[in-house]
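Take a look at the structure set out below.
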Amino acid sequence: MPVLVGVALFAPVAYFGVLRPYQRARIDAIVAQVKGDTRFERDIGFQGWRAMRLVGAGGLTGHESDHARALIRHNALPEEHNDMVFAVVACRYGLVGGIGVLMLHGILGASALATGLFARDGFTKLTVVGIGALLFAQTCVNVGMTIGLLPITGVTLPFVSYGGSSLVASWILIGLLVAIGVRPPLGGEKDPFDVS
């Protein structure tokens, strides 16, 4: 309860004092979008509205390649290869493809947690869990902004979005995971995080 009171008191201060006008406009657009208000559809909320329409157009199993390409072209989705690639996947492969992408990212996060269970020491456990959480949170933010649950922030979908720096950073994180995972656990040493 105190946390909710703190958030309720801090939110207006952050909204009016900390956020810049374009950031407040993005929040206003997402609130209007949730309410069904279409005022921002041609302005700051253009990309979000287009992405949601493409996700919905995919249906359960999606469309064949030519039809999906025509939908994307006539819908005029900006940044379809970067920020909004999940909308393209959902249009082409439907709900099944979207859930498949989410399952693959979930498997990646579960693998990171499993690697953390067998890590050598506390630092490597925290590193592995942090990497898994980072990649999973990035996935949640990208999908959330594509389907209209979060404001559009420009976060890429790991290993799916086009982009050099994002892809290189994601592969570096996976390289760290693999490097930690192939090291066998030490026997007989006490874990520094074990307080028993």
Rounded to one decimal in nm, the spacing of the 7 Å Cα→Cβ label points at Ala114 and Asn82 is 3.5
Taking a label point 7 Å from the Cα of Arg24 along Cα-to-Cβ, the residues of the range 132-165 whose backbone nitrogen sits under 19 Å from it are 151-152
Subtracting the Cα-Cα distance of Val31 and Asn75 from 0.36 nm times their residue separation yields 13.6 nm
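Every read-out reported here was derived from the displayed coordinates using simple, explicitly stated rules and does not represent laboratory data. Note that the structure is a prediction, hence the values are computed from the model and not measured. Note that each Cβ is placed from the backbone with ideal geometry, even for glycine, and that neighbours are counted across all protein chains shown.
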